[in-house]
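Comments concern the structure below.
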Amino acid sequence: MPAENVTAQSSSRWPGVTVGFIGCGTIASAIVTGICTLGTFHFKTIILSPRNSQKATRLFEKFPNKVQIAQNNQDVIDSSDWIFLCVRPQDVHCLESLTFSKLQTIISLIATISNLAIANIVSPASKICRAVPLPPVAKHNGITAIQPRNTSKNVEILFTMLGGAVVVDDKEQLDALQGITSLMGPFYQLLHTSALWLQNHNVSSQAAGDYVGAFFHSIAIDALSHGKKNGTHGFEALVKEQTPNGLNENAIKELRSIGVYNAVEKVLDVSLERLAGKRKLPSDSTTTTTTTTTTATIDGDAIGIAESTSKRSRL
């Protein structure tokens, strides 16, 4: 493999550290991309497992002086100082045959699996933390939740470089933060629904995409500053500042009246139960889903709300 650039290495934060990834899916690829596109490459090298050969190959081709592809998972572990565990919860058994070493730092991205359970798998390695990064870390713009506080300082520094980090003390707090990430998909669906609505009102697809993306981006920036400054009270203030009887206040009332915000809380509760192991993952059982429609009224117009229920679980 090509040698690392000496100039870049001289100013790197962890020049002697090799970072390994077991699993190379969407999130692992985002982290690697984020690390490799920082102004300075902060590590000796990055070693990827061959579990997703297509994504691993693309990363190697994009960052040939920074990324290597290992022959197998054990090769990743034998060569690495920091190891990101990026497999699915249902595939965690693939780690059980691997041998770790005492001085390695383990960063688990595996939802529903506690640090204690991971410790039993990666022993004698004992420096373990769990992280919940999001795809925008690829562009240094993703917030990452990390736990616990006392073993994750370097990991916190790294993810701060990739967009920001929130560190909490226990698994329950981390699970709650990770539960919020289940709103990412619904948020994208909201954008898609809004853009399609514009198309149905004779706005071009491109104009709809431009406007909807920029609109939500601009109000998210405003919300970010309020949240950082005043916590939950900042968001409450944004709600209260909507013009009395205006479009936004009316929209809030109508969505509340048909139970949208209660449904959001329900979704979060279900996500938390899954993260806590109280509900099965979709792959753990065959689920039969039926859809029913309930009717709500907005300004006198009846609308249908589809509700999906499952015989074995609600996911």
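Just so it is clear, none of the values below were taken in a lab; they were calculated from the coordinates. Everything numeric in this text was worked out from a predicted model, so none of it was measured. So basically every Cβ, Gly included, is an ideal-geometry build from the backbone, and we count neighbours across all protein chains shown.
Using C-alpha pairs below 8 Å separated by at least 6 residues, the relative contact order for the chain is 11 percent. Hey, rough spin-label estimate for Asp170 and Glu254, points 7 angstrom out along Cα→Cβ, what's it come to in nanometres? Here the modelled spin labels are 4.3 nm apart.
For Val166, the residues whose modelled amide H falls within less than 5 Å of its own, excluding neighbours fewer than 5 places apart on the same chain, are Thr144, Ala145, Ile146. The fraction of Cα-Cα pairs per 10 angstrom bin, counted from 0 for region 6-169, comes to 11, 44, 39, 6, 0 percent, rounded to whole percents.
Sort Phe84, Phe215 by Cβ crowding within 10 Å, fewest neighbours at the top.
Placing the least packed residue first, the sequence is Phe215, Phe84.
Charge dipole (Cα centre; +1 on Lys/Arg Cβ, -1 on Asp/Glu Cβ; no other charges) of region 6-169 amounts to roughly 300 debye. Under 5 Å from the amide H of Arg130 lie the amide H atoms of Ser108, Gln147, each residue being 5 or more positions distant or on a separate chain, with H modelled from the backbone and absent for Pro and chain starts. A straight Cα-to-Cα reach below 30 Å connects Lys171 with the lysines Lys102, Lys127, Lys139, Lys153, Lys228, Lys229, Lys266, Lys278, Lys280, Lys311, residues fewer than 8 places away in its own chain not being considered.
Rank by packing, highest mean first: peptides 197-203, 65-71, with packing defined as the count of other Cβ atoms within 10 Å averaged across residues.
Details: 197-203: 11.4, 65-71: 18.1.
Per-residue mean Cβ counts within 10 Å order the peptides as 65-71, 197-203.
Peptides 217-224, 126-133, 144-151, 180-187 ordered by packing proxy, namely the average of other Cβ atoms within 10 Å per residue, highest first: 126-133, 144-151, 180-187, 217-224.
Among Lys44, Lys240, Lys266, the ranking by other beta carbons within 10 Å of each residue's beta carbon, starting with the fewest, stands as Lys240, Lys266, Lys44.
Distance between the 7 Å Cα→Cβ label points at Arg88 and Ala214: 3.9 nm.
Summing Cβ point charges (Lys, Arg +1; Asp, Glu -1) relative to the Cα centre of the chain gives a dipole of roughly 660 debye.
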